[in-house]
Amino acid sequence: MDKSLLAGSTTVLILKLLEDQDMYGYQMISSLAERSNHTFDLKAGTLYPLLHNLEKNGIVESYEKIAENERTRKYYHLTRNGKKYLKEKEAEWYAYSNAVNSVLRGGLCYAE
Amino acid sequence: MQNDKIVEYCTTVCSQIRWKKSHKKIFSELQNHLLEQRDAFVEMGDSIQEATDKAILDFGDPVCIGMDLDRVHRPKSQYPLMILLVLFCLFGGLLQFFCIQSTSAIADMIPQAVSYLIGFAILMAAYFIDFSILSRYSLPIAICTLAVVLIACIPSSGRHLKYYIVWLYPIAVSCAIYYFRTKGYAGLTASTLFLLLLIICSLFTNRIMGVFLCLFSGLVLLPLSVFKGWFHVRKIYGFMICMTPCLLLLLTACAVYLSGAGRTGDEYISGLLQEIVQNASWLGMGRTLSSPFPSMFHTDYILAYLLYRHGWIPLVTVIALLYSFVAVCIWSAARQKSMFGKLIAVSIAGVFAIQITVYALSNLGVIRPYVSTILPFISYGSFANIINFALLGLLLSIFRNGEVMDDRVAKPILTRAGWKRIRAIIHYEETNGQ
């Protein structure tokens, strides 16, 4: 799949995962791969700058918890602002994808 | 050996991030991710070496990732607040200069100008230090403050010691709260007792400002820590423990004030202030006073001078600007992620809010007798202004660096319920022959 298609929708995908439950970075990558049937294999190097930027803007907030393997995991939680932002982004996506679908499935035909 | 590769990888990422204070948290998060990824590959059948190499390859180019993270992680510049501070100081200096109205006005302003310069230097020093150092020494700071307060109670101790130490009360209480957090009811009681000692010392040294600051600590800082669950106690009992002494003190103080006891002396100034308030206009100079406006008012009554000389609108504007400044500080303090940062920031914002409120109410003749304080950065006060500059520097340091502050892990004490559970587990294991 063309990676540029993923680039524009990574944020909304990550936020959608966090809408269901708080997650840590590795868990987000695994969940995303599983739920998309390995269509989206997000790299950790892409995820963390994105997550940290979202946290800086107040879309998500983080906290630490000790896992069963004694490691400290940093969990991310969708804030109230984040939920609003997600709804806006979802609406944008539906508008965009409907428009693309309209063009791909029908639309105007210029006959000479 | 394989962990070395992961450490080396994370170090390379962090080396691209210019803000060094953020390295520790980022390093830890990336390292944990790589270890989890490596373990997942090992479970799938790879050797440790192969799993480590795959995890690192999967992560991406460390330099590019580091550069992306560098764009996100920057210290939050507080220069707009500093510029506002400079404007307040300039305004205060001009106001005092015109209030003095004597040929020696410039000479009288020299100590104030020197205090501004020294204060600003201290503010910049405090701005760039790592305020988390205080969290490591929270108990020694609280104890030292209490020791100084007790020394100030000695009649022969200096007047300045009694006067200035009170402004550190909320910070000392915050340090005590931070040290005793997670220690349950015992910790909350210890923090409240610490506050009670400060209250007693304030009453003993007759420092009403100290009482106000203790009330703030008891009615804001302690309940905040209970509400946030930092003491791990039931909220209703927690509020009762920490707020009862301060509410009783507040009720007693109100009763004493309303009865008029102790309100003697200062009749001349009280009368003059009443006259200024009654004769002030909306804009411009008020009606002529029965006696000349004292030039020494530039120290304790600069707002009264502003009201008399320029009217209600400029006065209300200045007070509104000062409160807006405090509101911004409180809003930023509330957004702090770290408990220690939040406590210290709220304490300092509270000190400023109380100084402004008490000064304004004293200048309008509402509070009598006069409570000795200064209007931060505006009224005359050499050492007092230096302390305010130091507090503001610490506050700005928290706003600048707060996101990377790590609250130190506190070892909670075992509660009675905890001991019961442990005994039940031991008993179960013994009866089941384990």
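The values are calculated or read from the model by the stated rules, or taken from the named source; none is laboratory data. Please read these numbers as outputs of a predicted model, since none were measured by experiment. Cβ: placed from backbone, ideal geometry, glycine included. Neighbour counts: every protein chain shown. To get the accessible areas, we keep the full protein, side chains included, count just its heavy atoms, and leave off ligands, DNA and RNA. Shrake-Rupley method; radii C 1.70, N 1.55, O 1.52, S 1.80 Å.
Could you tell me the center-to-center distance, by alpha carbons, between region A:39-112 and region B:322-392 in angstrom?
42 Å
After finding the eigenvalues of the alpha carbon gyration tensor for region B:189-304, what semi-axes result from the square roots of 5 times each, listed largest first in whole Å?
Over the Cα atoms of region B:189-304, the semi-axes work out to 40, 17, 13 Å.
Once the convex hull of the alpha carbons of region B:259-404 is built, what does its volume come to per residue, in cubic angstrom?
Convex hull of Cα atoms, per residue: 125 Å³.
When the expected Rg is taken as 2.2 N^0.38 Å, what fraction or multiple of it is the alpha-carbon Rg of chain A? If you can, show how the numbers build up before the last one.
On the way: Rg = 17.1 Å, N = 112, 2.2 N^0.38 = 13.2 Å.
Taking the Cα Rg and dividing by 2.2 N^0.38 Å, one obtains 1.29.
Mind checking the angle between helix A:44-56 and chain A's longest principal axis? C-alpha axes, 0 to 90 degrees, to the nearest 10.
Its long axis makes an angle of about 80 degrees.
For the pair A and B, how large is the buried accessible area, both sides, in square angstrom to the nearest 100, if the probe is 1.4 Å?
On the way: alone 8140 and 22030 Å², together 28300 Å².
It comes to approximately 1900 Å² buried between A and B.
Which one of B:LEU188, B:SER397, B:GLN37 has its Cα pushed farthest toward the positive end of the charge dipole of chain B, where Lys and Arg give +1 and Asp and Glu give -1 at the Cβ?
Toward the positive end, the furthest listed residue is B:LEU188.
Run the numbers on chain B and let me know its relative contact order in percent, using alpha-carbon pairs under 8 Å that are six or more apart.
21 percent
Pick out, in residue order, every one of the trypsin sites (Lys or Arg not before Pro) in region B:1-85 that is DSSP loop and has at most 16 other C-beta atoms within 10 Å; say none if there are none.
When the trypsin sites (Lys or Arg not before Pro) of region B:1-85 are filtered for loop state and at most 16 Cβ neighbours within 10 Å, B:ARG18, B:LYS76 remain.
Express the carbon and sulfur contribution to the solvent-accessible surface of chain B as a percent, rounded to the nearest whole number, probe 1.4 angstrom.
Carbon and sulfur together cover 68 percent of it.
Which whole number gives the average, over all residues in B:69-82, of C-beta atoms from other chains lying within 10 Å of the residue C-beta?
If you average over the peptide's residues, the count of other-chain Cβ atoms is 2.
Mind checking Rg over Rh on region B:348-401, alpha carbons, Kirkwood formula for Rh?
1.05
Which value, in Å², gives the accessible area per residue of region B:203-273 when a 1.4 Å probe is used on the protein heavy atoms?
Details: 3850 Å² over 71 residues.
Per residue, region B:203-273 has an accessible area of 54 Å².
Extension gain B:GLN49-B:ALA253, at 0.36 nm per residue separation less the Cα-Cα distance, in nm?
Using 0.36 nm per residue and subtracting the Cα-Cα distance, I get 66.3 nm.
For A:TYR24, list long-range residues whose amide hydrogen, built 1.01 Å from N in the peptide plane, is under 5 Å from its own amide hydrogen.
Residues meeting the amide H criterion: A:TYR76.
In degrees, nearest 10, range 0 to 90: what is the angle between the Cα axis of helix A:25-35 and the longest Cα principal axis of chain A?
40 degrees
Compute log10 of I(q)/I(0) for region B:285-350 with the Debye formula, placing one identical point scatterer on every Cα and leaving out solvent, at q = 0.13, 0.18 Å⁻¹, to two decimals.
Listed by q, the Debye log ratios stand at -0.54, -0.73.
log10 I(q)/I(0), Debye, Cα-only region B:43-148, no solvent, q = 0.10, 0.12, 0.15, 0.23 Å⁻¹?
Debye output, listed in q order: -0.66, -0.78, -0.93, -1.19.
Looking at region B:100-245, what % of the alpha carbon pairs are farther apart than 26 Å?
38 percent
If I stretch the segment between B:ASN206 and B:SER382 completely, what's the gain in nm (0.36 nm per residue apart, minus their alpha carbon distance), one decimal?
61.2 nm
For chain B, what is Rg from Cα atoms divided by 2.2 N^0.38 Å, rounded to two decimals?
1.24
Can you tell me the alpha carbon radius of gyration of region B:313-396 divided by the globular rule-of-thumb value 2.2 N^0.38 Å?
Taking the Cα Rg and dividing by 2.2 N^0.38 Å, one obtains 1.14.
Would you work out the charge dipole size for region B:250-368 about its Cα centre, treating the Cβ of every Lys and Arg as +1 and the Cβ of every Asp and Glu as -1, and quote it to the nearest 20 debye?
460 debye
Could you tell me which helices of chain B pass both thresholds, a Cα extent of 27 Å or more along their own axis and a mean Kyte-Doolittle hydropathy of at least -0.5, with helices taken as whole DSSP H runs?
B:79-100, B:105-128, B:184-204, B:235-259, B:312-334, B:339-363, B:382-401
In peptide B:232-243, what is the residue-averaged number of other protein chain Cβ atoms found within 10 Å of each Cβ?
0
Which whole-number percent of Cα pairs in region B:59-103 have a distance greater than 17 Å?
In whole percent, the long-distance tail amounts to 62.
Using only the Cα atoms, work out Rg/Rh for region B:89-172, with Rh taken as the Kirkwood radius, to two decimals.
Here the Rg-to-Rh quotient is 1.11.
Rounded to the nearest angstrom and ordered from largest down, what semi-axes does the equivalent ellipsoid of the protein assembly as shown get from its C-alpha gyration tensor (root of 5λ)? Present the calculation step by step, with values, prior to reporting the outcome.
Working: eigenvalues 584, 209, 96 Å².
Value: 54, 32, 22 Å, ordered largest first.
Per the Cauchy relation, a quarter of the hull surface: what is the mean projected area of the convex hull of the alpha carbons in region B:169-226, in nm²?
3.3 nm²
Determine the relative contact order of region B:1-98: mean sequence separation of Cα pairs under 8 Å and six or more apart, normalised by residue count, in whole percent.
Across region B:1-98, relative contact order equals 36 percent.
What is the average number of partner chain Cβ atoms found within 10 Å of a Cβ in A:44-55?
6
Please list, by residue number, everything in region B:154-173 whose backbone N is under 20 Å from a paramagnetic label point 7 Å out along Cα→Cβ of B:ILE118.
Residues B:158-168 qualify, since their backbone N sits under 20 Å from the label point.
At q = 0.17, 0.18, 0.20, 0.34 Å⁻¹, work out log10 I(q)/I(0) for region B:206-248 with the Debye formula, treating every Cα as an identical point scatterer and leaving solvent out; two decimals please.
For the requested q values the scattering log ratios are -0.45, -0.49, -0.57, -1.14.
Against the longest principal axis of chain A, how steep is helix A:10-20, in degrees 0 to 90 to the nearest 10, with axes from Cα atoms?
It works out to around 60 degrees.
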